[in-house]
1. Applying 1/(1 + (r/R0)^6) with R0 = 30 Å to the Cβ-Cβ distance of Glu70 and Gln164, what FRET efficiency is obtained, to the nearest 0.05?
2. Obtain the nm distance between the two label points defined at Glu243 and Arg147 by a simple spin-label model: each point lies 7 Å from its Cα along the Cα-to-C-beta direction.
3. Report, to the nearest 10°, how far helix 267-288 tilts away from the longest principal axis of the Cα atoms in the chain, using its own Cα long axis and a range of 0 to 90°.
4. What span do the alpha-carbon atoms of region 39-155 cover on each of the three principal axes, reported in whole Å from largest to smallest?
5. In nm, to one decimal, how far is the Ala107 label point from the Ala193 one, both placed 7 Å along Cα→Cβ?
6. If you filter region 107-165 for trypsin sites (Lys or Arg not before Pro), then keep DSSP loop positions with at most 13 other Cβ within 10 Å, what is left?
7. Relative to the longest principal Cα axis of the chain, at what angle does helix 16-25 sit, 0 to 90 degrees, rounded to 10?
8. Express the relative contact order of region 72-193 as a whole percentage, based on alpha carbon pairs under 8 Å and six or more residues apart in sequence.
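Read the figures in this text as sums done on the coordinates, not as results from a lab. Please read these numbers as outputs of a predicted model, since none were measured by experiment. In this analysis, Cβ positions are derived from the backbone assuming ideal geometry, glycine residues included, and neighbour counts consider all displayed protein chains.
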Amino acid sequence: MRSHPAEYDFASPGSLAGVLERLDSEPGEWLPVAGGTEVMVQYGAGRLRARRLLNLWNIVDLRQITETSEHLSIGGGCTFAQLRGHVSVQEHFPLLAQAASWTGGIANQNRATIAGNIVNASPAADSPPALLVYEAELELISARGTRRIAYADFHLGYKKTALQPRELLLAIHLQKRFAGWFRYAQKTGARNAQAISKICVAAVGKLRDGRVEALHIGMGAVAPTPLRLRKTEEALLGTILTEDAIANGRRMLLTEIAPIDDIRSSAEYRRQVAANLLEDMLRNFAAKGNAA
Ligand SMILES: Cc1cc2nc3c(=O)[nH]c(=O)nc-3n(C[C@H](O)[C@H](O)[C@H](O)COP(=O)(O)OP(=O)(O)OC[C@H]3O[C@@H](n4cnc5c(N)ncnc54)[C@H](O)[C@@H]3O)c2cc1C
């Protein structure tokens, strides 16, 4: 450990109201900690700038999954173990259950929360592509009230988000409207388990009379933020997925991604793999039609 515990304050108000009050009275002073799987890595490496940490782990209001016939709401403090084991997540949002099962190993999934994954804002995180394609909405809360924002508008730039210092991510809201849609997800990493993605992708779509009626594609690790591939989607909408259409999709994808070289991969590798994954997705989509 390159950090010393004596240099840190750790407060545990034990209630949502208590946490929000701290964030409101001293905005920017306190860093919320949920599962700690990001924060503790920074702490261990001596890179944690925040000195005052605020415990979210025991806040039950953040741990609920509630549903109606049309919606599913996931508390920000739900762990990936909770998500991958939840019947309605599996049934209505299987790409999210899949992403949850890809996020580190079992020990990590028992601590890692979905809000931590979102707010940490890594472009390579596994849950964002699924949240993008399911068009999730985020509910943010402060001592002054709540507001909702489309997840697609949450990431403003590399590690920059719309979350204000007084706010917490309270819940993720999803509409149950993807029954029968084709779905696809892939993660490429250095090995099959416990690897951060070199590229991750999620997609859902619908064909009508052999033409693309709807298509949502989300990708990670190809831009400064998790990316919804809107130009590629638009180029494919209304088309029959012929060789030409697939080649056009590949071309369009390469105009809208901007991957970088880093310790996990090179930009060129990422460009190739992103295009190959798109092609694989489209071939599966064409072959299977709807529900995959
Ligand atoms: C061994 C290991 C393997 C991993 N593998 C993967 C992987 O394969 N894929 C992947 O995507 N990630 C992976 N991760 C990263 C990590 O587990 C996830 O990002 C996790 O979801 C973070 O959640 P947490 O609750 O632990 O966040 P924390 O570390 O507690 O917090 C992370 C950030 O989120 C903020 N935060 C947390 N909750 C809230 C909230 N409710 N409101 C506002 N802000 C909040 C914190 O202030 C902090 O800035 C791995 C990590 C480890 C240590």
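1. 0.55
2. 5.2 nm
3. Helix 267-288 sits at roughly 60 degrees to that axis.
4. On the principal axes, region 39-155 reaches 45, 37, 27 Å in Cα extent.
5. In this crude label model, Ala107 to Ala193 measures out at 1.3 nm.
6. Arg144, Lys159
7. On a 0 to 90 degree scale, this one is about 80.
8. Reported as a whole number, the value is 30 percent.
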